[in-house]
1. Multiply the residue gap between residue 174 and residue 46 by 0.36 nm, knock off their C-alpha separation, and tell me the result in nm, one decimal place.
2. With a/c under 1.5 counting as rounded, go ahead and sort the stretch 78-215 into rounded, prolate or oblate using the C-alpha gyration tensor (a ≥ b ≥ c being the square roots of the eigenvalues; past the cut-off, prolate if a/b is larger than b/c, else oblate).
3. Ranked highest first by average number of other Cβ atoms within 10 Å, how do 62-68, 80-86 line up?
4. Modelling each spin label as a point 7 Å along the Cα-to-Cβ direction, I'd like the residue 98/residue 55 distance in nm, to one decimal.
5. Classify the stretch 149-200 as rounded, prolate or oblate, taking a ≥ b ≥ c as the square roots of the eigenvalues of its Cα gyration tensor: rounded when a/c is under 1.5, otherwise prolate if a/b is larger than b/c and oblate if not.
6. How much FRET efficiency would the formula 1/(1 + (r/R0)^6) give for residue 88 and residue 185, where r is the Cβ-Cβ distance and R0 is 45 Å, rounded to 0.05?
7. Per 0.36 nm of contour for each residue apart, how much would the distance between residue 161 and residue 113 grow if the chain were fully extended, relative to their Cα-Cα spacing?
8. Given the peptides 151-157, 89-95, arrange them by the average over their residues of other C-beta atoms within 10 Å, most packed first.
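Values quoted throughout were computed directly from the atomic coordinates according to the rules given, and no laboratory measurement underlies them. Just so you know, these numbers come straight off a predicted model, no measurement behind them. Every residue, glycine among them, receives a Cβ derived from its backbone with ideal geometry; neighbour counts consider all protein chains shown.
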Amino acid sequence: MTSRTRLALAASAGACALALGTTAPALATDSDKAMVSVFHGIPGLTVDVYANGDELLGDFKPGTVTDPQSLAAGTYDIQIFEAGQSPDGTPALEKKVEVPEGGNATIAAHLSAGGDPQLTAFTNDVSQVGAGESRLTVRHVAAAPAVDVRAGGQPVFNDLTNPKEATAEVDAGNVDADVVLAGTDTVAIGPADLNLGEGTSNVVYAWGSAEDKNLALATQTFSGMESTPRGVPAGGSGAAMATPNSPDLTAAWAVAGGAVMVTGALVARRIAGRRG
């Protein structure tokens, strides 16, 4: 069954409430605002995204992560339609999302582990990191089994399942990383040279479908998390880039960047290992 067919079957799914966690400090422009990004991780389908009946994004292509947008805090009815479809019809995906004041979140449209379309809201941690460090978060939003994320051949995050995430604060610098099936050496994505910049928070989305052989990565980077006086935590620009995999699942990772991006040996001094 194709992803497009699964998306059509999901049209009857009702909306469900999801409150975004606020354990990770995040700053918005005003206290009653929130910073919200959207990630499209359903292969092969361009969509229109609506929030409370108003078009938020048009012709939104798979693998795209938007820059953060400042929105008023509150509850949003997020609806996903196939591009060009009348918003008066039944949406393919719908979910009510509560966005708290001062929050920083990404709403991800993606496939479940079994290949069904779904919406998941993640809270982005844009709090300060230690001097010489960077934050790395990996989110498993692919139709694929559990995976391990490795650095230099050694697992850093273990047994990550869809739609969970894992986070660590790591030494800034260049690192050779890949994603393998959990408990094996079978490479699903990578290897690649990542460049983690000091004072950045980097989110990597593993998306797509293992069955359809289109697994890929998309990356979002927030800057301004330095703990030194030169760094002012402001939630960052949220620069993003998508990196598709080749059919044999061996394409390299790529990370978008501003001036400095993910740098150093991925030897985490403090492996937070938080899972959503």
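1. Between residue 174 and residue 46, full extension yields an extra 42.7 nm.
2. Verdict is oblate for the stretch 78-215.
3. 62-68, 80-86
4. The modelled label-to-label distance comes out at 3.1 nm.
5. Judged from the Cα gyration tensor, the stretch 149-200 comes out oblate (a/c at least 1.5, b/c at or above a/b).
6. Computed FRET efficiency for residue 88 and residue 185: 0.30.
7. 16.5 nm
8. Answer by packing, highest mean first, reads 89-95, 151-157.
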